[in-house]
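In what follows, a single structure is set out as structure tokens and then discussed.
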Amino acid sequence: PEHLLLWKAAEPDHWEDISSTWATKIEALLCHASQGETTMDAADQGGTRRDEFEERMRLHAKKLGTPAGLPLAESFKKLEP
């Protein structure tokens, strides 16, 4: 590969704008039924828990995007050979 992206890096140096794929990301996360109770606080069951989960995720993505000037982002450490 040309490079590797390490997720949850202590010192990120690469950001991906996820604004256009936000809804898809949330729907995909909600499909992780085995983690619904622990990781997502039963957000996969709908209602206010889903709204709270999405807002929590949005705030996190906003925080990650701030250093790169992006509205919503995921951050990585980029490694190149």
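The values are calculated or read from the model by the stated rules, or taken from the named source; none is laboratory data. Computed from a predicted structure; not experimentally measured. Note that each Cβ is placed from the backbone with ideal geometry, even for glycine, and that neighbours are counted across all protein chains shown.
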Six or more apart or on different chains, Cβ under 9 Å: which pairs go from a residue in region 45-74 that's over 17 Å from residue 24 (Cβ atoms) to one that's among the charged types (D, E, K, R) and in a loop (DSSP other than H, G, I, E, B)? Could you list them? 49/41; 52/41; 56/41
Across region 27-41, which residue is modelled with the lowest pLDDT among those that are surrounded by 14 or more Cβ atoms within 10 Å (Cβ to Cβ) and in a loop (DSSP other than H, G, I, E, B)? 36
Please determine, by comparing only the residues of region 43-66 that are out of contact with any Phe, Trp or Tyr (no Cβ under 8 Å at 6 or more places or on another chain) and surrounded by 15 or more Cβ atoms within 10 Å (Cβ to Cβ), which one is modelled with the lowest pLDDT. 44
